[in-house]
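Input: a single structure, listed below in structure tokens.
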Amino acid sequence: MFATEVVKKINIIVYFAIDKSLLELFNELFVRANPAAREVLELGQEWENRQLSEIVDNEALLELFDQTERNRTTFGEMMLPDGRTFYASLSPIASGDEQVAGWVAAMHDVTYLKELDQMKTDFINAVSHDLRSPLSGILIATHLVSQTGELNAHQTELMDTIEQRVGAMTELIDDLLDVARIEAGIDMELDPCILTPLINQVVSEFEEQIQDKQLQVDVQANPNLPPVWGSARRLRQVLANLIGNAIKYTPEERQITIVATHNQDEIVVSVQDEGIGVPMPDQPHIFDKFYRVERPEMTGIKGTGLGLAITRSIVEKLEGRIWIQSELNKGSTFAFALPIIQDMPN
């Protein structure tokens, strides 16, 4: 029954294409749509051979096409006025000379899955709060045991194991609660922030790991970048997650390149590694909670599966966007963009 409901909910697939002559401007568009697309997007009667922005008023979908043109972000979510959520995935249409002549969008109704995710989130938040106290009690008890008398080597090893397991569970619970706070907009006081010194600070914090793996880290960040609105603590968290992952998944004696640039009305930060890469089927899910890529090379690499989910939540709360470009066994580039402050307060 459950599987049947999921299939029924996501079985609506919508296709439409944008064809652009290579000799014409971007806004000269010819749109085609199947009946499902016309119903979902409420295109009306006269929709053929018109600009996309004239016949579609869904800002999320228009923004996705705009982002695709700029940085090849090819997937995202869009909300409909009736409350439904669609997951849109864009694929390029190649012209004869290997240039992109248009795009095809396939959209799946994921409303039911979003509702399930919200139920899961609410449950996890409730359980996380309830687990903190007993874990603290276990940790205190392990410290008290050592005060009752001398422990032999085997007992000491077991106590150390308990402390390590409690520490890992505490880290997971802290990450879960962190996600909840970010999504609720708590602990996100905004101030003007310059990203370059934050990048340099985070890189210095990883100096020991960088030296241990003999990595080359190249930071290309203009010190005169315009400021963005953000929380310095949360922005350091974003950078630490991305840079830390690059270090974690990059083999020894390779290079990591961190670039921060001013691109129109945004600051774009990218972290490029020469690591194991992320398979294409995993890339749309890489920022989901608890999602971890299953590969032999990742055996033994610790993580809660929440670091990238936290990173995305912070970036999106700051009205930014985040994406990944990756090639298997060649490396990954994680990048995010934040809007610059247009008018600084006096």
Discussion item. Can you sort Arg234, Arg181 from fewest to most other Cβ atoms within 10 Å of each residue's own Cβ?
Written reply: Arg181, Arg234
Item to complete: Provide the three semi-axes, in whole Å and in decreasing order, of the ellipsoid equivalent to region 153-233 as defined by the square roots of 5 times the Cα gyration tensor eigenvalues.
Response: 34, 23, 7
Discussion item. Using 0.36 nm times the number of residues separating Ser204 and Thr142, minus their current alpha carbon distance, what extension gain do you get?
Written reply: 18.9 nm
Worksheet entry | Inter-part distance where region 193-222 and region 223-277 are each reduced to a Cα centre, Å | 9 Å
Discussion item. Given points 7 Å out from each Cα along the Cα-Cβ axis, report the Arg181 to Glu253 separation in nanometres with one decimal.
Written reply: 4.2 nm
Worksheet item: By how many nm would the segment from Arg165 to Gln214 lengthen if fully extended, with 0.36 nm per residue of separation less the alpha-carbon distance?
Response: 14.6 nm
Response to the item:
Over all Cα pairs of region 113-183, the Kirkwood radius sets Rh, and Rg/Rh then becomes 1.17
Worksheet item: Can you work out the base-10 log of I(q)/I(0) for region 191-339 at q = 0.11 1/Å, using the Debye formula on its C-alpha atoms alone?
Response: -0.39
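Here, each number is a calculation from the coordinates, and none is a lab measurement. Note that this is a predicted model, so its numbers are computed, not measured. With ideal geometry, Cβ positions are generated from the backbone for all residues, glycine too; neighbour counts draw on all protein chains shown.
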